[in-house]
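Reading through the structure tokens given below for one structure.
The values are calculated or read from the model by the stated rules, or taken from the named source; none is laboratory data. Fair warning: this is a prediction, and the values are worked out from it, not measured in the lab. No Cβ is skipped: glycine too gets one built from the backbone with ideal geometry, and neighbour counts run over all protein chains shown. Surface areas here come from the heavy atoms of the whole protein model, side chains and all, with no ligands, DNA or RNA. Shrake-Rupley method; radii C 1.70, N 1.55, O 1.52, S 1.80 Å.
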Amino acid sequence: MIEFKNVTKRFGKDLSLDQISLTIEEGTAFGLLGSNGAGKSTLLRLLCGIYKADDGEVLIDEASVYDNIQVKSDMFFINDETVQYQNMTVIELKDHYKNYYRNFKEEVFERLMEVTKLPSDKKMSTFSKGMKRQAVFIIGLSCGTKYLLLDEAFDGLDPAMRIIVKRILVDEMLDRKLTLILSSHNLKEVNDICDHVALLHEGRLLFCKDLQSVYEGFHKIQAAFSRDYSAEDFDGLSIVQSEKLGSVITMGVRGDIEEIKTYLSHFHPILLEEIPLTLEEIFIYEMEANGYDANGIEH
Amino acid sequence: MTQTASSTSFFGISLKEKLKNKRFWTILIITNLLTGPLYILNHYYFDSQSSIWITILASLVIGASAFVIPLSFFDYLYQKTKIDDVLKLPLTRKQLFMSDYLSGLILYLVPIIGQFLLSMLLLLLRTTRFINSILEYDVTMDDSFLRMLRLVFFTYLFIIVGLMFLYTLTVFVLSCVGNTFEAITASLYINLLIPGVIYSVGYLLLNRLFGISFRTLFQQLLYFTSPGGILLYWFNNLNRFLYSGTGLWTLFLALLMTLGILFISYRNFIRRKAESVGTGFVNRIFYYFIMASLTFLLAAFFYQLDINFITSVSLLAFIFLTFEVITNRGFQKFYRSILRFAIISAITGCSIFLIDTTEGFGVVYRTTDISNIKSVSIRYNGVLDPDTTAYDNSIILKDPENIRAVLAFHQRVIDDYIVSKISSENPNMVRVPVEATKYSNYPDSQTTEAIPEEYYYVYLPTYDIEISFDVKNGIDYTRFYSVSFDQRMLLASIDLSDEYIDQIVKQNSNPGSIIVSDVYDYSSISYPMRKEKIQELYHCLARDMKKLTMEEYLTPSKPTRFKIGEIPILESYTETLAFLADNYVNLDTFSTKTIYNNSVANNFGILAPIENTNSKPLYYYGYYSYAATSPMYVNSEQIEQFREEIITLLDHAQYQYITTTPCYRIIVGKWSYVIPPEYTDLAEQLYDKLR
């Protein structure tokens, strides 16, 4: 189990993470969401012992991760860089990591190489970005660690390869209870893989819960009224975001759907319906509620 | 299940990883073969120097590798793309540092040790009968070859320690910086700044202080505090000093420095944050150390050159602020750079001003009471030998009488300095009336200045002397003075003390043989002798010297003609002379006629006495006293013409003689010899004839 206890991380005067506390259970797929500079990568680097927290503790199975070989042996971190492997072949990369990770699984490596059909004897400088990323994925999965940390790791993969990689990840989670922690701007990816998500904004944790309860606590309501109401008139609701187009108001609202509907029925709506929410919309609503300019969010 | 890398295997893994760059290691091995082994092959097998440039270039490449290897092995400290991949590995920071440091060092040194072994093997093979039969000339395992082997061994020892130092210093720099530009530039200029600052503090500032010696205080510091210093020591001491106690001590201190720097590098490495990558100087103290050192070095240099204040400050500001702009990548918060410059230059200026005006905080006048002195060591070879710095060995004095003499001498030197500061008169100058110099000759003068009509000033030579005080309470200290002969004479009583004689005799004893040399032409003959016999000789010599009176020592009744080692043998050394006669040492070669035939023909001159008017004692002495500016030289015809007179003067000329009574001296070869006052008539007659 991973625990962040009041973790603070500063870079000079800039606060990157501000008293973050969260728990990640073993065997879960945990998605980290947040705008650029929210602190997702910092959190992952703290988790694999690259960074040291200025305050608070990062514990893996109740042991501090920083400078702890045992704990670090259970972690594999894949970031969004691949240039460091330019002068290596995949086999050389495998040999390099195999030296450090004693649970390295040759059979997994062979199987994934076969699936991806990557050339094993060519320098990675000749690879495309997607091929390099595949190679790193193969190594990360072959290391056989309990925790796999992915920082924007799907970037550069083509759709077919994304599906393959996702399938492999899910298989690994089912086979050996791999805990997956991934940060991504691609909310669809998180939606597809993760069962828990956390949303970070400007170093603060906005929420951390299982994906189902994220959807359950958030609703997108479309309503039209005979009178000219605006969202401000519904002060009994916890409206995160609203948009009025003609007489139709679309609102992101927190709370129980039945209570929301009952409340709005008092305003005699001509149209009142709940429309399906995407994770992306929840993300945008939450971010806007916290003062983020939605126009600046990457999709 | 938790998996761990074996705690003992991380080093092996690192070594294996680093070895993967086969191209680089191959080049390094070939480069190593092109240095020592190639030089030895060419020099000792083919008697050729043709490959010397290849050897020099290859050596430079090996030296540069001490930068390149750490820059490559610790690249994650200044390359953002690599830091995650290295720090995520299941290694502690300590393991990571030690494995990268040691694997780099081992891979760097193994080829050098290999070339050392190969060089030694090639040298040893050169003495084999087989190789000698093939090649043109024979090399045998004689004393000189063994000395050379020892020199090669110690040269390699110095090179290995120096390169270890350079490698470690580069690692230290890398632990303090966070990007490629600073990693390369700081690695280069830290190597210049360390000796530069030591030199500027020592030579430019403290060496200006009276009695404070750069050599004793700072030169030694220079030798072991930087890789360049080790190279300098090696270069300056390509002789027995390389493997003397001083050489080994220098090596030991350099190793200690290396370990110290390694420890600081390790601390920096452990403490530095991963996110520091990309910042110029991760360790700001290191940056300020560099900037303060640079400012101090330049300020001291400008001060020495007497560049005026405004120009100095402007130049310093320009250099300092340029560095700041480069380091800060622009002009942001430039007022801070100006403030920093103001603070650093104020500290530098105040330091220089304080050192200069307080004369090293009064350290120049430091003396110690005899009750607080354990011993005094003095680089001194007797009052007659002014060239004290030519000897590596010091005489250690513990006899209270001797210490008292040294303290009196020291006090006199300081008192004279104080007087000279107040008065405008140079203490080493005598004022000579024009009429007194009727023969236009001045004793030992280096320069003369004419004063209108009445006087000449004659500057007397000074002699270097170095004294180290070993004190009971407090810090030991060393002083280095250039003193007049008059001041030196205060030490004369030491020359006849038992402890001085015992040490000077021991220092002059030569194992395996005795060396007898001529005091005129300095030609020497070596007489091989058993160790016991040599010891017996030196016992005789010590006993004879201890019997001497001060009068006989300073003004011997009969001239000496030869020395054993560096010790002149007087006629009164009866035991020594008897020993030499018993052991078939031929002393006939030192006759006056031989001197005339061998030495006089080359150069002969006469120096007339003069009188001075400012009542300072003027000493007339022979031995190492250099020739005056205008002695009366004799041409070859005159040498033949006045043969008898010259031989008569040679009969009485004294090599070891000191008097204040005005007397003539003769010059033979490049040394002068005193004609005692009782033979002044003889010298004057010849002098007048020559005029």
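Under the condition of being part of a helix (DSSP H, G or I) and more than 17 Å from B:T594 (Cα to Cα), the residues counted in the range B:637-691 number 17. Taken over the range B:6-51, the criterion of being of a type in the set (K, R) and either open to solvent by 60 Å² or more (accessible area, probe 1.4 Å) or under 32 Å from the mean Cα position of the chain (by Cα) (or both) is satisfied by B:K16, B:K20, B:K22, B:R23. Being among the aliphatic types (A, V, I, L, M) and either part of a helix (DSSP H, G or I) or at the interface with chain A (Cβ under 9 Å from one of its Cβ atoms) (or both) is the filter here; which residues of the range B:12-31 pass it? Those that are among the aliphatic types (A, V, I, L, M) and either part of a helix (DSSP H, G or I) or at the interface with chain A (Cβ under 9 Å from one of its Cβ atoms) (or both): B:I13, B:L15, B:I27, B:L28, B:I29, B:I30. Here A:F11 meets the list (1) of a type in the set (A, V, I, L, M, F, W, C); (2) closer than 29 Å to A:D192 by Cβ; (3) open to solvent by 10 Å² or more (accessible area, probe 1.4 Å); (4) facing chain B (nearest Cβ under 8 Å) almost entirely, failing just condition (2). With respect to A:Y97, is the statement that it is touching a residue at least 24 places away in the same chain (Cβ under 8 Å), surrounded by 20 or more Cβ atoms within 10 Å (Cβ to Cβ) and not small (G, A, S) true? In short, no. The test for being surrounded by fewer than 19 Cβ atoms within 10 Å (Cβ to Cβ) and within 14 Å of another protein chain (Cβ to nearest Cβ) holds for A:K123. Against the list (1) farther than 18 Å from B:D100 by Cβ; (2) away from chain A (no Cβ under 14 Å), the condition B:I264 fails is (1).
Exactly one residue out of A:G252, A:G217, A:G236 is over 21 Å from A:A38 (Cβ atoms) and of a type outside the set (S, T, Y), and it is A:G236.
Considering the conditions (1) at pLDDT 90 or above; (2) out of contact with any helix residue (DSSP H, G or I) (no Cβ under 8 Å at 6 or more places or on another chain), B:F485 is excluded by exactly one of them, (1). Restricting the range A:53-85 to residues that are in a loop (DSSP other than H, G, I, E, B) and facing another protein chain (nearest Cβ under 7 Å), the residue that is farthest from A:V136 (Cα to Cα) is A:D67. Within the range B:575-587, the set of residues being open to solvent by 40 Å² or more (accessible area, probe 1.4 Å) and either among the aromatic types (F, W, Y) or in contact with a helix residue (DSSP H, G or I) (Cβ under 6 Å, 6 or more places away or on another chain) (or both) comprises B:E575, B:Y584.
Condition check: facing chain A (nearest Cβ under 8 Å), among the aliphatic types (A, V, I, L, M) and surrounded by 18 or more Cβ atoms within 10 Å (Cβ to Cβ). Does B:L77 satisfy that?
When the stated conditions are applied, B:L77 does not pass them.
Any residue at all in the range B:55-64 that is among the aliphatic types (A, V, I, L, M), more than 8 Å from chain A (Cβ to nearest Cβ), in contact with a Leu (Cβ under 6 Å, 6 or more places away or on another chain) and farther than 15 Å from B:F269 by Cα? Among the residues of the range B:55-64, at least one is among the aliphatic types (A, V, I, L, M), more than 8 Å from chain A (Cβ to nearest Cβ), in contact with a Leu (Cβ under 6 Å, 6 or more places away or on another chain) and farther than 15 Å from B:F269 by Cα, which makes the answer yes.
Within the range B:598-620, restricting attention to residues that are closer than 22 Å to B:P559 by Cα and at pLDDT below 80, the residue that is most open to solvent (accessible area, probe 1.4 Å) is B:N602. In the range B:488-500, the condition of being buried (at least 20 other Cβ atoms within 10 Å of the Cβ), in contact (Cβ under 8 Å) with a residue 24 or more places away in the chain, aromatic (F, W, Y) and assigned to a helix (DSSP H, G or I) is met by at least one residue.
Looking at the range A:16-38, can you tell me whether even one residue there is part of a strand (DSSP E or B), within 14 Å of chain B (Cβ to nearest Cβ) and open to solvent by less than 10 Å² (accessible area, probe 1.4 Å)?
Yes: the range A:16-38 contains one or more residues that are part of a strand (DSSP E or B), within 14 Å of chain B (Cβ to nearest Cβ) and open to solvent by less than 10 Å² (accessible area, probe 1.4 Å).
Taking the criterion of being surrounded by fewer than 16 Cβ atoms within 10 Å (Cβ to Cβ) and modelled with pLDDT of 90 or more, the only residue of the range B:558-574 that qualifies is B:T574.
Checked against the criterion of being under 27 Å from B:S497 (Cβ atoms), touching a residue at least 12 places away in the same chain (Cβ under 8 Å) and part of a strand (DSSP E or B), the candidates B:K563, B:K558, B:K533 yield just one match: B:K563.
Being open to solvent by less than 60 Å² (accessible area, probe 1.4 Å), away from chain B (no Cβ under 13 Å) and over 25 Å from the mean Cα position of the chain (by Cα) is true for just one of A:M113, A:M131, A:M88. Which residue is that?
On inspection, the qualifying residue turns out to be A:M113.
Filtering B:N191, B:N239 for residues that are among the polar types (S, T, N, Q), open to solvent by 20 Å² or more (accessible area, probe 1.4 Å) and at pLDDT 85 or above leaves a single hit, B:N191.
When B:I504, B:I514 are checked against the criterion of being part of a helix (DSSP H, G or I) and of a type in the set (V, I, T), a single residue qualifies: B:I504.
Residues of the range B:83-96 that are more than 7 Å from chain A (Cβ to nearest Cβ) and over 19 Å from B:T180 (Cα atoms): B:K94, B:Q95, B:L96. Residue pairs whose Cβ atoms lie under 6 Å apart, separated by 6 or more positions or on different chains, with the first residue in the range B:284-310 and farther than 16 Å from B:S337 by Cα and without any contact (Cβ under 8 Å) to a residue 24 or more places away in the chain and the second open to solvent by less than 40 Å² (accessible area, probe 1.4 Å) and assigned to a helix (DSSP H, G or I), are B:L298/B:L316; B:F302/B:S312. Inclusion of A:V240 among residues that are under 30 Å from A:I20 (Cα atoms) and of a type outside the set (F, W, Y) is warranted. At least 1 residues being under 20 Å from A:L206 (Cα atoms) and either modelled with pLDDT under 85 or open to solvent by less than 80 Å² (accessible area, probe 1.4 Å) (or both) is the threshold, and among the strands (runs of 3 or more DSSP E) wholly inside the range A:235-284 those reaching it are A:238-245, A:248-254.
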